[in-house]
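Structure, as structure tokens:
The values are calculated or read from the model by the stated rules, or taken from the named source; none is laboratory data. Model, not experiment: these values are computed from the prediction. In this analysis, Cβ positions are derived from the backbone assuming ideal geometry, glycine residues included, and neighbour counts consider all displayed protein chains.
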Amino acid sequence: MILKMSWRNIWRSPLRSLVVMGAITIGTWAIIFLMSFSFGMVKSYVNNAIRMETSHIQIHTPAFKEDREVGNLLPEAESKLATIKSSAEVEAATVRTILNAMLVAPKGTRGVIARGIDENEEIKVTEIDQQIVEGSYFGKGKNQVLMGKSLAEKLGLKIRKKVVLQFQNLDGEITAGAFRIVGLIDSGNKMRDDGSVFVRRGDLNRLIGSEKAGHEIAIFLKDAEQIQAKTAALKTDYSNDLIESYTEISPDIKLYETQIGTSFAVFVGIFMLALIFGIINTMLMAVLERTRELGMLMSVGMNKGRVFGMIVLETLMLGLVAAITGMILGWITIQYFSGSGIDLSSFSAGLKQFGMSTIIYPALDGAYYLQLTISIIITTLLASLYPAYKAIKLRPVEAVRKI
């Protein structure tokens with residue numbers, strides 16, 4: 001009976017109820033969309049960083065982490081790679097030779113990181129071949145190099161032009177090699193594109209004096225949920241090496257991932273604060289307008305507990321109906337944009353500085369819907385207490401005389 005009365009009471013002033021419900025609906029939709037967009041941006045940054053830079057797990061010698069000297073080679077890198085690739089959890093893995101080098105071009109020089117890669121294995125880990133916007137991936141011939149398009153533009157370089165890479169070999173002497181540009185890369189991460197060049201590992205190893213040299217093993221897993229377990233297992237198997245997951249290699253990635261929960265709490269807090277005052281105002285007006293009616297109900301025997309419960313129930317219904325509507329609209333919006341994405345190409349220059357994609361795919365975990373629902377229930381419940389308290393404080397004899 002109370003439930004039925006509460007539902008009918010909401011629609012006794014439909015305009016006022018619809019205004020409040022509309023505000024809650026729009027607010028709920030806005031939170032869901034903003035959070036899904038923020039989560040999509042974070043996910044874009046994290047995925048790009050993992051794919052292009054850190055992989056899920058990396059293996060180095062402890063000394064290489066502290067000082068990227070050419071002599072800090074990973075012992076038995078090829079043998080370790082073969083064992084790691086045979087693991088069921090591993091999707092792809094590769095060995096890299098990494099050197100601090102000086103890139104010499106006709107119009108200037110630039111300090112870069114020369115990355116010697118195994119051309120067939122690298123594309124499975126970083127998909128570097130899909131980042132080429134001009135020219136092609138490695139082809140036939142020796143001493144070929146891939147570099148960032150932005151770096152090439154700064155140095156006045158084009159496809160098929162030659163550059164010289166200077167670096168230290170294993171004997172501690174400065175050596176150099178001439179490399180022909182075969183492809184220009186645009187990875188979406190301007191800092192990486194400007195600071196790295198990619199050559200075949202065999203070409204780089206030949207110049208430093210060791211055909212099997214390797215400084216790093218990069219591992220990409222089939223399931224990101226297995227990272228911690230696999231990292232722990234590798235630390236046991238290769239106790240003398242430095243085994244790090246991507247969160248250890250790049251703490252800023254972990255910070256981005258953890259901040260999404262904090263952002264959600266801030267958004268919800270601001271929304272709930274605005275919502276609670278709006279609901280109190282609306283329900284208090286409803287109680288004052290129904291003073292005579294409430295007095296009549298108490299006069300004919302409805303106790304204060306039921307009157308209190310009726311007002312609380314009205315408020316909860318008002319909030320829940322609007323919140324559910326807002327969540328449905330938010331879910332529909334996310335589903336639409338998760339397929340097509342939101343094109344931010346007009347902000348590409350800024351996004352590339354932070355390693356983010358120009359297409360953002362909104363996404364939101366189901367747990368956030370539940371958290372938002374609980375927050376709205378708590379807020380509407382708190383907002384209903386004062387109007388309900390004012391209702392039970394009415395004196396029936398005086399209330400029925402109100403016009």
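Here are the numbers for this structure:
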quantity: Leading residue by the ranking (surrounded by the most Cβ atoms within 10 Å (Cβ to Cβ)) among those in segment 120-141 that are part of a loop (DSSP other than H, G, I, E, B) and modelled with pLDDT of 90 or more; calculated: 138
quantity: Among (1) touching a residue at least 60 places away in the same chain (Cβ under 8 Å); (2) surrounded by fewer than 22 Cβ atoms within 10 Å (Cβ to Cβ); (3) small (Gly, Ala, Ser); (4) closer than 30 Å to residue 102 by Cβ - the single one residue 178 does not satisfy; calculated: (1)
quantity: Helices (runs of 4 or more DSSP H) contained in segment 155-271 and holding at least 2 residues over 30 Å from residue 138 (Cα atoms) and in the same structural domain as residue 126 (by TED's automatic domain parsing); calculated: 227-237
quantity: Any hit, segment 243-264, residues being acidic (Asp, Glu), modelled with pLDDT of 80 or more, surrounded by 13 or more Cβ atoms within 10 Å (Cβ to Cβ) and on the phi < 0 side of the Ramachandran plot; calculated: yes
quantity: Residue match in segment 105-119 (condition: in a loop (DSSP other than H, G, I, E, B), over 25 Å from residue 186 (Cβ atoms) and in contact with a strand residue (DSSP E or B) (Cβ under 7 Å, 6 or more places away or on another chain)); calculated: no
quantity: Residue match in segment 200-209 (condition: surrounded by fewer than 20 Cβ atoms within 10 Å (Cβ to Cβ) and in contact with an Asp or Glu (Cβ under 6 Å, 6 or more places away or on another chain)); calculated: yes
quantity: Considering residues of segment 315-363 that are in a loop (DSSP other than H, G, I, E, B) and not hydrophobic (A, V, I, L, M, F, W, C) only, the residue modelled with the lowest pLDDT; calculated: 355
quantity: Of all residues in segment 13-27 being at pLDDT below 85 and either among the polar types (S, T, N, Q) or crowded, with 20+ Cβ neighbours inside 10 Å (or both), the one that is nearest to residue 248 (Cα to Cα); calculated: 27
quantity: Among residues of segment 80-104, those that are part of a helix (DSSP H, G or I) and farther than 25 Å from residue 168 by Cβ, counted; calculated: 4
quantity: Residue that is nearest to the chain's Cα centre (by Cα) [pool: residues in segment 55-102 that are polar (S, T, N, Q) and buried (at least 20 other Cβ atoms within 10 Å of the Cβ)]; calculated: 55
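Rundown of residues vs (1) at pLDDT 90 or above; (2) hydroxyl-bearing (Ser, Thr, Tyr), yes/no style:
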residue	(1), (2)
158	yes, no
162	yes, no
166	yes, no
175	yes, yes
179	yes, no
210	no, yes
216	yes, no
